Amino acid sequence: MIRTKKYICRDYIEIEVFNLSPRKKPVARAKKMRESSPAQKNLNSKKSRRYFRRLCHANFGKGDLAVTLTCDDDHMPADRDELLKWLKNYIRTLKRIWDKESYQITRETDPTRRQGHTFT
């Protein structure tokens, strides 16, 4: 059976076409016993890049702003917690300034962020 899945992200449309093997009953997932094969790692990598591309197309459009932040070696955060603290404070500062100027922030996209972690 061939299945298509359509992703609509503002003015960007992505369509996936893939084979789906018919199963009679849903099968419970087994516990992971060994490391993923190189082919599976490659598929997972491709899937994560597609997800990030869709996320960017859904959140950003014409007229939106994008910021890339970098640090030199002298100002590099010691660990991930310090980085997230610095980033959270930076976004709060931007929101405070933009509220005064009547700008609107809809969403942030942060590839260093873990799934389910949000900045408020």
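What follows is calculated from the coordinates using simple rules that are stated; it is not laboratory data. Model, not experiment: these values are computed from the prediction. Note that each Cβ is placed from the backbone with ideal geometry, even for glycine, and that neighbours are counted across all protein chains shown.
Quick look at the numbers
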item: Sorted peptide list for 3-14, 30-41, 82-93, criterion being average Cβ within 10 angstrom, highest first; result: 82-93, 3-14, 30-41
item: Alpha carbon centroid spacing (whole Å) that separates segment 82-100 from segment 22-55; result: 35
